[in-house]
1. Taking a probe of 1.4 Å and counting only protein heavy atoms, give the total accessible area buried between chains C and B in Å², rounded to the nearest 100.
2. Put one equal scatterer on each alpha carbon of segment A:485-552, apply the Debye formula with no solvent term, and list log10 I(q)/I(0) at q = 0.22 1/Å to two decimals.
3. According to the square roots a ≥ b ≥ c of the eigenvalues of the Cα gyration tensor, what is the shape class of segment A:552-684, taking rounded for a/c under 1.5, prolate for a/b larger than b/c otherwise, and oblate for the remainder?
4. If you restrict to DSSP beta bridges whose two residues both lie in segment A:33-170, what percentage is antiparallel, to the nearest 5?
5. Count the DSSP beta bridges whose two residues both fall in the protein assembly as shown, then state the antiparallel fraction as a percent rounded to the nearest 5.
6. Chain pair A, C: how much accessible area is buried, both chains summed, with a 1.4 Å probe, in Å² to 100?
7. Just the number: Rg to Rh for the protein assembly as shown, Cα atoms, Kirkwood Rh, two decimals.
8. Roughly how many Å² is the accessible area per residue of segment A:635-701, as a whole number, for a 1.4 Å probe?
Amino acid sequence: QQVVVRGNSRIDDETIRAYVTGVSAEEARRNLVATGFFSDVRVSRQGGQLVVNVVENNVVNRVAFEGNRRLQSEALIPELQTRARQPYNPATVAADVERIQEIYRRTGRALATVSSRIVDLPDGRIDVVFTVDEGSKTGIRQISFTGNEAFSDGRLRDVMTSTESNFLSFLKTTDVYDPDRLAADLELIRRYYLRKGYADFRVVGTDVRFDEQREGYVIDIAVEEGQLYRVGNVDIDSRIADVPTEELRRRVLTREGQVYDATAVERTLVDLTTEVARRGYAFAQVRPAGERDPAAGVVNITYIVEEGPRVYIERINIRGNTRTRDYVIRRELDLGEGDPYNKVLIDRAERRLNNLGFFERVRISNEPSLSPDRVILNIDVEDRPTGSFSIAGGYSTADGFIGEVSLSEANFLGRGQAVRIAGSWGERTSGFDFSFTEPYFLGYRLSAGVDVFSRFSEASNTGRYDSRTTGGTLRFGVPITEQFSVTARYSLYQQDLDIPVIFRDNNPANGEASLALKEAEGETLTSLVGLTFTFNSLDNVRNPREGLYAELRPEIAGLGGDSEFFRITADARYYHEIFEDVVGIARVQAGHIAALGSEDLRILDHFFLGPSLVRGFRPSGIGPRDVSSADVANALGGTTYFGGSLEVQFPLPLVPRDFGFRGAVFADAGSLIDYEGRRVFSGGQTIVVDDNDEIRSSIGASLLWASPLGPLRFDYAYVLSQADGDRTQAFRFSGGTSF
Amino acid sequence: CTQTIAPMSEDFQRGYILDEAALEQVTPGMGAQQVLELMGTPSTVSTVGNQSWYYISQTARRRAAFMRQEVVDQRVAAIYFTPQLRVERKALYGLEDGVIFDFISRETPTGGAEQSFVRQLFRGVTSWNPLVGGGS
Amino acid sequence: CETVSALNPFGGGETYEPEIVETRPAAELYNEGLSLIDRGQYQSAADRFEEIEEAYPFSDFARRALVMQAYAQFAGGAYDDSSNTAQRYLQLYPGQDDADYAQYILAMSNYNQIPDITRDQTQTAQALRAFQELIDRYPNSDYVEDARAKIVFARDQLAGKEMEVGRFYLERRNYTGAINRFRTVVAEYQTTRHSEEALARLTEAYMAMGIVDEAQTAAAVLGHNFPESQWYRDSYALLQSGGLEPRENRDSWISRAFRGFTRAVVGVGG
């Protein structure tokens, strides 16, 4: 049956014939239309021949954009249905216009307008051009709450991740209206209320309006707080025969009279289950039964301990770990294949895996197995890039401008090991650091590490000597409990000290180094063994509000090397949120160093302290001085120091919280005493030491700014008491990173 | 048998929770199905011809947070069946039956793309944050 | 999020001017693609073949271009693209010639991404399935022989993963977990090289628990199937000595620690 094709120019007869042979005329017509290449198809039978008349659609030559600035055409074109070299179809172009508008709305530009036009080209081709007018950014102009008495709008906004637009808008994207993020925020607010005793809390509704003149969204969240509940009577109902409830009572964190806190209930469940599991009831489950008594404003909680199903874990599959190695994940689980299935230990394992910081997301799920009393555990992880390359800038009145480039990898080669390489340059200092840590040395949860460092600091009037220190440390960290850990250290470093000529030319005009310093020139090797006892119960390391951080560091130098001393330092900081968002900090620090063996203590082994002990003093501005000559700039350092500080940090009232400003007032006191170094030198020359041991103290105020460029701090301190010869410095600024 | 538990150490019930009473009720001649109902699925079965079932129960203790878990108590209940899957005899192996020796450290070599250090490092480095304080 | 260039408030945005993009004849594009492959410019070769498929749809050129595009992407190492393109070919032209080649490209795209045994073996399992489908669906394709060889390696890799986890549990003396992993290797992967070690590990595990008869059976199976194997000699020695003699020149704790340390540092060059 002969087929004649007419009207086609671009699509060859071969292709059209492929659709027509062996099918009815009507079906052939439908197939050809379905390809979308033809605006019109007519199939007819004339004599023995089948005649196919087609009118080809225009073909799209190119898809182009004009007027788009924020979003590139490369990013937009893949999103469209209209494609180059495909047939032009007005319906899909209209759908694409809609699609582009939706993309702009999602990136915070709801005002964008999009139109499309066709440009005719020779030989039946056309260009499809989308014209975009992006309009200004339409972020969230305002988030307000109704029905909230217990907490201010500002406090609730602080809990949310979405923020209001302000002068920083060009830098951030959290002020773009995103329905999913808003839903997640509502959950954050609900958990916040549940933690603060509002067991009946409910989000009544959220109203999101696009405000024309304010060119942005106005969000109003209506809440129903309900009443504040305290904990009523707490009871344990143990349905396992010989599990004594008295001993379990010790583990309950929710005490009668306390404000009801949902997280305390959750933690109690974990502690109770672990306690019961320890007694051999590995399948025990604990669930809370809370019953509200609105009249008395009390929630009575009963913890029900019952025997769970006797199910064992048949197999643990770890999936998705494209970088982290299997054993790095498996060793974090306290349970293995064949062990009893215990929901609480599994939740703890999930939390522990999340704390590793190697994963975007960790999800542990169950899957039934063939035998009824077996379950298969699937751990799905998604690796997160754990390398970070950062350039940091900073300025401090002590060291001038500082720059640091560092390359670190927290999950080196997927082995859970941490590697860090850093180089730093500054006006008066430079340095290099390499550190490697293996968290599971020899299979023990014992972190072994090695650091190699070299630091150079140039002479300045606070320290009239150039010093280059190069060395290395071997360290072993041992966690004793969740909060208490001990690190053992061996360090070997060489310090090379030399005094520039201008400080040695016996010309007091340009400052002269103390005789003690001149005698200490040259290289000294120190070989030192030390321990660090650390207690850390801070709720959040970056900006703590509650908890205690304390460190005790005893050290002995003398296994070889030139200097022999025993040194011990202690530092403890206690944070407490006095009331909403106002944090009180109390700090105590002390230290002592004593020479061992016959020789005097080397001068550079002394403590040289300043603002770190009492704010308002210059570096090395406190402590014993060489007063042989009129020029009293030469600090000699001391062997004993002690100091205390009280500080209160608070949000600045007028400034919107979003800018990240906080204020603080503080009072410091402390002293550095007892120079134990040499006083008589070659040729019988001596130095006169003014070992003034008065208490130095100061009060002051600070401004803290968590700026996009890093944490900055401005301190102003007014010195109350000082010793003559101390060198004060009222204003201090440090920013960027803390070295 | 809960010895006095030092404050820092933590005990873990590992493997099958052995119930002496149930083991007592297993008597020679009993059918395999009945043993399953009494004791549950065995921890493992013999390598050849699965005619012997093993219920492996361990208590492991971790003396301090950094230490490894050390097996302090181990009991293996073994139930041997006749070819017609009727209980023939049973045995109980304790920790003292076990022998402590080092496992061979040699491993059968395997292939697969090892991560090259450089490629992995740069693929990993995406949190590029110029200007924001890195800090020690 | 917005790209960095989006931050510049000064640019005026893109402009449009008409520009004819000439579509060249299919044959010319096809040949250019082939020469680009020879010159090793795989990405541009793949683009040429994609152009053919778009400009001349439903033509025979389009079919051949699609499989060549998959090959170009594969040769260029873009394994995700090549496996997608190969799958598209298999959907569009299931029975036609070159389908076995597309199936082979699909399998090889997964095969080349097989990681070492300490990481997720999804790629290995997918490669295994794809090669098996090649053998089942195109029995007389000339890629079948290579597919069989690759299947052996893939199964060996999966067995290696089971052994890795088994050794993890054995080291921690969790005998239930260890024994069941080694049994899986003996049961499902007995044709791989790992079954020898699996039987030796079973001997060790049962010996450590004191169940000597089970240890003997495992060693007997090992001896019967692999009489020359070093694993058998080790197991035999273990049974003879009842675990009392040292088994290999186990160096002291320090050198073992050192080896652990070098393994971590040597890994740097890995």
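The values are calculated or read from the model by the stated rules, or taken from the named source; none is laboratory data. Note that the coordinates shown come from a computational prediction; the quantities given were computed from them, not determined experimentally. Heads up, the Cβs are rebuilt from the backbone with ideal geometry, glycines too, and the neighbour counts pull from every protein chain shown. Keep in mind that these areas ignore ligands, DNA and RNA; they rest on the heavy atoms of the full protein, side chains included. Shrake-Rupley method; radii C 1.70, N 1.55, O 1.52, S 1.80 Å.
1. Values: alone 16760 and 10770 Å², together 23660 Å².
For C against B, buried area totals roughly 3900 Å².
2. The Debye formula, applied to the Cα set alone, gives -0.92.
3. Numbers: a/c = 3.66, a/b = 2.07, b/c = 1.77.
Prolate, since a/c reaches 1.5 and a/b exceeds b/c.
4. Numbers: 18 of 25 bridges.
Roughly 70 percent of the DSSP beta bridges within segment A:33-170 come out antiparallel.
5. Working: 237 of 270 bridges.
Roughly 90 percent of the beta bridges in the protein assembly as shown run antiparallel, per DSSP.
6. On the way: alone 37880 and 16760 Å², together 50350 Å².
Looking at A and C, the buried total is near 4300 Å².
7. Working: Rg = 37.6 Å, Rh = 36.8 Å.
My calculation puts Rg/Rh at 1.02.
8. Values: 3050 Å² over 67 residues.
Normalised by residue count, the accessible surface of segment A:635-701 is 46 Å².
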